[in-house]
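Engineer: Pasting a structure here, questions to come.
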Amino acid sequence: MKNIRLFVILFATAFILGSCTKNDDTTLTLLGSEGYVVNYDKYLHDILSAIPSSQVNAFKEKLRLYEGNIPPKVEGEYVVAPKNRVASNVAASNWLLNVHEPNVYLKFSDQHNRVASMIHYEEFITEIDTVYLRGSGERFVAYYIEDKEIEYGMYKVNIKRGVIYSGRISDEGIKYLQYASVIMDVENNSHGFIDTYPVGSYFIYEDGSYEGLAERKEWYND
Amino acid sequence: MLAMSAEMFGQIRMNNDRRVLVSKRVSMGVKIGAADAVMEFTNEQLKNLTRSRVIHPVGGIYVELPVTRFFSVSPELMFMQRGTTVSYKWSGHTTDYRLDSRSMDLRVPLQFYWVATNVFKPYVFVGPDLSYVIGGKISQEQPGGEMGNNEIEIGEANMNKYDVSLLAGVGFRFDINMDKRYLYVKIEAAYNHGFLNTYSQREMDDASHSVNVSAYNVTGKRYNRSFEVMISVGMPFYKKGETCSYFGKRRTWW
């Protein structure tokens, strides 16, 4: 009986010791020669599917959609200044090109496994829990889909839009930063306020500074 | 060879009755050795990478409970170390990955003896091994590469804490006649085959943060495999002249 007790005590001690091991949330990934494939590109495909098929190639020629399964670390805070309009498929009379818009402030955080959290501050702050990433080396594409409510006086229109960011990470910030907004769905538009921007409309912007650099700059205060 | 063993380890006792008693004593002892470990991957990319075995010291205690002269149950509590090393090229850089896990294992091998002589007893054994991971480290070195050098501790984020494996092997027991006691010296070689996936649930859910790359997706499974060589020294629970202990008939020690 003593022997059984001794065994039980020793095993219980081992169990307690095991319970005291470090318990953080990190791992060290063993990669194969080509890395792993995560099928997040479905969401990007959904965004591109909203654009009329005859215009998708034109969209891809204007927005650099880098490929790859292991994007760089994009975590950080950036300022897009100046934010320039560069391309769209809506009539120029309804969306003038070569216009400078107010600065855009971006923050990427909690990046892991091709996803990250993001804060986009333009007119107001938008927090996005899950931004999907792809790319390789210093090149990345980040994208998400959001439901957005737009107010026109006393009326509100609901849209679903896809947003895509593209650029190259560097020590100074994100070079050649571009981003696009694609309208994927429109609801409550009975008053026709956004008839000029139907489903499939896209709007492409870029950082208008040298090398399209969205500079690293701490701007976000909790 | 057997005669030499007898001379080395003690006097051969010729009394058959006494030999039976010696064989049926409950004994307890310590065990040390080395485990030559590797991990098996089912992912097609990972299984083709160059893996090396990792040799670790291991040890523990055991109790041998004879049921018959030819059959014993021998539960043991062992401190085990397992893991693997993998070397490969990533983005043109040589990368060395190493996983060393430590665990406490409760193993219950069933031993089947062939009583060759009163001193020399070969046996085979097989039994379950229940493993509980208590720590360890995972490291990676990629000199000059973007992933750099990293080292993290093993925990729930990066390894399944439990494993169940099958232990099977062969051994030799030498019963050495000491002055007041008998000493049992056992030499064993065994193969240990893990059945549970050693990836953590959080890794499989893509919920753990990888410190070396910004994206991963665990696919397939990872299993422990090891070869073990052990030497153990034990004693029966009685002195010469005292009543013998039995497991099964007379549960003196239970």
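A short reminder: the numbers here are calculations on the coordinates, not readings from a lab. These numbers were taken from a predicted model, which means no experiment stands behind them. Cβ coordinates were reconstructed from backbone atoms using ideal geometry, including for glycine residues, and neighbour counts include every protein chain displayed.
Engineer: Measure off 7 Å from each Cα along the Cα-to-Cβ vector at A:Lys148 and A:Val99, then give the distance between these two points in nanometres to one decimal.
Structural biologist: 1.4 nm
Engineer: Taking the Cα atoms of chain A, what is the range of coordinates along each of the three principal axes, in descending order and whole Å?
Structural biologist: 91, 41, 38
Engineer: Sort A:Arg85, B:Arg102 so the one with the fewest other Cβ atoms within 10 Å of its own Cβ comes first.
Structural biologist: Working: A:Arg85 17, B:Arg102 20.
Sorted ascending by nearby Cβ count, the order is A:Arg85, B:Arg102.
Engineer: If you take all C-alpha pairs in the stretch B:99-203, what percent of them are over 24 Å apart?
Structural biologist: Numbers: 2636 of 5460 pairs.
Counting pairs separated by more than 24 Å, the tail of P(r) holds 48 percent.
Engineer: How many angstrom separate the Cα center of the stretch B:199-234 from the Cα center of the stretch A:123-183?
Structural biologist: Result: 36 Å between the Cα centres.
Engineer: Could you work out which residue, out of A:Val141, A:Val163, A:Val90, moves most in a Gaussian network model of chain A, that is, has the largest mean-square fluctuation with Cα springs under 10 Å?
Structural biologist: A:Val90
Engineer: Oh, and also: Build a GNM of chain A with springs between Cα atoms under 10 Å: which of A:Thr196, A:Thr126, A:Thr29 gets the top mean-square fluctuation?
Structural biologist: With Cα springs under 10 Å in chain A, the top fluctuation among A:Thr196, A:Thr126, A:Thr29 is at A:Thr29.
Engineer: With an 8 Å cut-off on Cα pairs and a minimum separation of 6 or more residues, tell me the relative contact order of the stretch A:51-178 in percent. Don't jump to the answer; show the numbers that get you there.
Structural biologist: On the way: 244 pairs, mean separation 28.9, N = 128.
Across the stretch A:51-178, relative contact order equals 23 percent.
Engineer: Over the stretch B:139-184, one equal point on each Cα, no solvent: what is log10 I(q)/I(0) by the Debye formula at q = 0.18, 0.27, 0.32, 0.33 Å⁻¹?
Structural biologist: Values returned for q = 0.18, 0.27, 0.32, 0.33 Å⁻¹ are -0.77, -0.99, -1.09, -1.10.
Engineer: At a Förster distance of 35 Å, what's the computed FRET efficiency of A:Asp195 paired with A:Ile125, Cβ-Cβ distance as r, to 0.05? Can you show the working numbers first?
Structural biologist: Numbers: r = 29 Å, r/R0 = 0.82.
Here the calculated transfer efficiency is 0.75.
Engineer: Which whole-number percent is the relative contact order of chain A (Cα, under 8 Å, 6+ apart)? Don't jump to the answer; show the numbers that get you there.
Structural biologist: On the way: 442 pairs, mean separation 48.0, N = 222.
Once normalised by length, the contact order is 22 percent.
Engineer: Mind giving me the nanometre distance, one decimal, between the label points for B:Glu44 and A:Asp185, set 7 Å out from Cα along Cα→Cβ?
Structural biologist: Between B:Glu44 and A:Asp185, the simple spin-label model gives 3.6 nm.
Engineer: Still on this structure, please answer the following. Return the sequence-ordered ³J(HN,Hα) values of the stretch B:56-65 in whole Hz as given by the Karplus equation 6.51 cos²θ - 1.76 cosθ + 1.60 applied to θ = phi - 60°, using x for Gly and Pro.
Structural biologist: Once θ is set to phi - 60°, the couplings for the stretch B:56-65 become 10, x, 9, x, x, 10, 9, 10, 10, 10 Hz.
Engineer: To the nearest whole percent, what portion of all C-alpha pairs in the stretch A:57-132 is separated by more than 18 angstrom?
Structural biologist: Numbers: 1640 of 2850 pairs.
The share of Cα pairs beyond 18 Å in the stretch A:57-132 comes to 58 percent.
Engineer: Using unit Cβ charges (K, R positive; D, E negative) and no other charged atoms, how large, in debye to the nearest 20, is the dipole of the stretch A:128-222 about its Cα centre?
Structural biologist: Using only the charged Cβ atoms, the result is roughly 280 debye.
Engineer: I need the calculated FRET efficiency for the pair B:Asp179 and B:Ser139, taking r as the beta carbon distance and R₀ as 60 Å, to the nearest 0.05. Walk me through the numbers before you get to the answer.
Structural biologist: On the way: r = 49 Å, r/R0 = 0.82.
Computed FRET efficiency for B:Asp179 and B:Ser139: 0.75.
Engineer: For the stretch B:152-221, compute the orientation-averaged projected area of the C-alpha convex hull (one quarter of its surface), in nm².
Structural biologist: Working: hull surface 31.0 nm².
Projected over every direction and averaged, the Cα hull of the stretch B:152-221 covers 7.7 nm².
Engineer: Given the options A:Ala58, A:Ala116, A:Ala142, which has the most mean-square fluctuation in a GNM of chain A, springs set between C-alpha atoms less than 10 angstrom apart?
Structural biologist: Largest GNM mean-square fluctuation: A:Ala58.
Engineer: As a footprinting exposure proxy, order A:Phe193, A:Phe59 by other Cβ within 10 Å, with the fewest listed first.
Structural biologist: Working: A:Phe193 17, A:Phe59 22.
Exposure proxy ranking, most exposed first: A:Phe193, A:Phe59.
Engineer: What's the exposure ranking of A:Arg114, A:Arg64, B:Arg202, going from fewest to most Cβ atoms within 10 Å? Before the final figure, lay out the partial values.
Structural biologist: Details: A:Arg114 27, A:Arg64 15, B:Arg202 19.
So the ranking, lowest neighbour count to highest, is A:Arg64, B:Arg202, A:Arg114.
Engineer: Given labels modelled 7 Å from the Cα in the Cβ direction, how far is it in nm from A:Lys73 to B:Asp36?
Structural biologist: Between A:Lys73 and B:Asp36, the simple spin-label model gives 4.0 nm.
Engineer: Once you've got the Cα coordinates, tell me which of B:Lys161/B:Lys221; A:Lys73/A:Lys217; B:Lys121/B:Lys186; A:Lys42/A:Lys62 are over 18 Å apart.
Structural biologist: Details: B:Lys161/B:Lys221 15 Å; A:Lys73/A:Lys217 16 Å; B:Lys121/B:Lys186 9 Å; A:Lys42/A:Lys62 21 Å.
Where the Cα-Cα span goes over 18 Å, the pairs concerned are A:Lys42/A:Lys62.
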